[in-house]
Amino acid sequence: MSDVVRKVIALSVIIIGAGLLWAVKTPQNEAEAAKNHTDAAIAEARERATSDDPRLKTAHREERGGWIYVHLEGDPSTIGFQHGYELGPEIEDAFAAVSAGMVHSTRRDWPFFRRVAREMLWPKIDSEYQQELQGIAQGLAARTGSQLDVYDIVAFNAFEEVPDYYVPWLDKQEKLSNAPNLKSPGNCSAFVATGSWTKDGQIVIAHNNWTSYVNGERWRIIFDIEPANGYRMLMDGFPGVIASDDDFGINSDGLMVTETTITQFEGWDPNGKPEFVRARKALQYAGSIDDYTRIMLEGNNGGYANDWLLGDRKSGEIAQLELGLKAYKLWRTKDGAFAGSNWARDPKVIQLDTPEFEPNNLETSPNARRVRWEQLLNENKGKIDVPLAQKMLADHEDTFAKKTDANERVLCGHVDASDRGVKEWAWSANYPGGAVQGKATDSAMAKEMKLVARVGHPCGADFEAKPFLAAHPEFAWQEPYLRDMKAGPWTRFAAGENSTAKK
Ligand SMILES: [Zn+2]
């Protein structure tokens, strides 16, 4: 056979093969294409029908610096509907990831969480927030056709309090012999400073959020909420959740709010009001440190127990509210600084609410970071401003090992890089968690309802899921949800951005 003939035959085989392949695949492709076409047409019709909904007229969404900024405005049900609609795809995605985590860590199924939401949480929620939560379910259904109902949304809103506070309490009540090792989380590094501590004598407040990277990569919403009642709010947040939840926010009456959680907190009051409701209510209605404290204490259920760091730009006063369940303590000053990195400091709170916490063990993440905050704030007394705060949130000084290292003991946490993990929070070696984003503001910016924020590690390092999972197959269960967490640029946000575009 000549080379030419051989080539012709070879080519024919390829062409005939391809033709056969095409012939075999076509009917299936057509069926698939037809189905996709129908699905797309239904989705488009739904979007067309609802995007004309008058409730959406005052809402606005835009994406910048890796963040999704949403403006929500109106009565509670309208705010909820706008939230559910504008963030519909993100809510579905976040719900899938968070609910999988809740079920995995507690070994309780989703119907359990729905039951908790319906029977325990729902009756304690103010009607204003019941309406908002119902609005979220409705807006979500209108946007994506989601089947999630209001009890799914309520259980999801309680993701910081039910799995790690209620469930361990319940496991104890039920005397479960094989109960999972559940610990209250250790979220965040933060400070608030005022008076002679800051450059301009006014308040500076800053916070980086520590969570699993699964949740943290999704914690990239900036909510600008203009409610019919109460103050306007600008806060970072999570899709589908009515409170900031990590928490960082300011309101139009001058309150500046953040927190870090109390490590090894234990306790729950089943008759209390959910923390996510109290936290949202306090940001919306508190015009002073006293108001804030009163609202957080009303129906305190012990869920997601935090050291709240507060500022009132009207008076220049700052405060730390250490909110245990059996005890609490409020410190306040017009000249000083309060820091948080997941440690309780009131002896009574430690004794009654965090009996296992070791305040003097400087090797642990909370205490090593406490030492670093003391160093940084003291060294920079009188110079603290927002740019400096951004640098502090990105700090990698390990005070216990006395070296620079991205690990679990530094303000910008990288627990995935530590083979120690954080046992106080039940984070095993190389747990994919740490500082996932940062925010800062000061009195002058807060007066104009402005803040700066960065997605991803505040130091700018990227987390890459694929090589991590290859190196740590013990976290393979997270694979469907764990994504790359790329750091964005520090980005400025203000309330009311582009809100005229739609009006
Ligand atoms: Zn870092």
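The values are calculated or read from the model by the stated rules, or taken from the named source; none is laboratory data. Remember, it's a predicted structure, so these values are computed and weren't measured experimentally. Every residue, glycine among them, receives a Cβ derived from its backbone with ideal geometry; neighbour counts consider all protein chains shown.
Among the residues of region 69-124, just one is outside any helix (DSSP H, G or I) and of a type in the set (Ser, Thr, Tyr), namely Tyr69. Highlighted here are the helices (runs of 4 or more DSSP H) found entirely within region 355-458 that include at least 1 residues which are within 16 Å of the ligand (Cβ to nearest atom): 365-379, 386-393. Between Tyr292, Tyr304, the distinction of being part of a loop (DSSP other than H, G, I, E, B) and touching a residue at least 24 places away in the same chain (Cβ under 8 Å) belongs to Tyr304 only. Here region 192-243 is the region considered, the condition is being among the charged types (D, E, K, R) and in a loop (DSSP other than H, G, I, E, B), and the residue that is nearest to Leu255 (Cα to Cα) is Arg232.
Would you mind telling me which numbered condition in (1) part of a loop (DSSP other than H, G, I, E, B); (2) touching a Pro at 6+ places or on another chain (Cβ under 9 Å); (3) away from the ligand (no atom under 16 Å from the Cβ) Ile350 fails? With (1) part of a loop (DSSP other than H, G, I, E, B); (2) touching a Pro at 6+ places or on another chain (Cβ under 9 Å); (3) away from the ligand (no atom under 16 Å from the Cβ) applied to Ile350, the lone miss is (1).
Note on region 467-492: residues that are part of a helix (DSSP H, G or I) and away from the ligand (no atom under 16 Å from the Cβ) amount to 10.
Screening the candidates Arg332, Arg370 for the property of being of a type in the set (Lys, Arg), surrounded by fewer than 23 Cβ atoms within 10 Å (Cβ to Cβ), within 19 Å of Trp427 (Cβ to Cβ) and modelled with pLDDT of 95 or more yields one hit, Arg370.
Here's the yes/no breakdown for (1) out of contact with any helix residue (DSSP H, G or I) (no Cβ under 8 Å at 6 or more places or on another chain); (2) of a type outside the set (Val, Ile, Thr):
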{"position": "Glu317", "(1), (2)": "no, yes"}
{"position": "Arg345", "(1), (2)": "yes, yes"}
{"position": "Val349", "(1), (2)": "yes, no"}
{"position": "Pro355", "(1), (2)": "yes, yes"}
{"position": "Pro359", "(1), (2)": "no, yes"}
{"position": "Gly382", "(1), (2)": "no, yes"}
{"position": "Leu388", "(1), (2)": "yes, yes"}
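Answer yes or no as to whether Glu464 is away from the ligand (no atom under 16 Å from the Cβ) and either under 22 Å from Ile68 (Cα atoms) or within 21 Å of the chain's Cα centre (by Cα) (or both). When the stated conditions are applied, Glu464 does not pass them.
Each residue in region 79-116 was checked for being more than 20 Å from Glu479 (Cα to Cα), touching a residue at least 60 places away in the same chain (Cβ under 8 Å) and among the polar types (S, T, N, Q), and 0 pass.
Whenever a residue of region 426-444 is farther than 18 Å from Asp247 by Cα, its partners that are among the hydroxyl-bearing types (Ser, Thr, Tyr) and within 16 Å of the ligand (Cβ to nearest atom), lying with C-beta atoms within less than 6 angstrom and at least six residues away or across chains, give the pairs Pro432/Tyr213.
Here Gly421 meets the list (1) under 25 Å from Lys383 (Cβ atoms); (2) without any contact (Cβ under 8 Å) to a residue 60 or more places away in the chain almost entirely, failing just condition (1).
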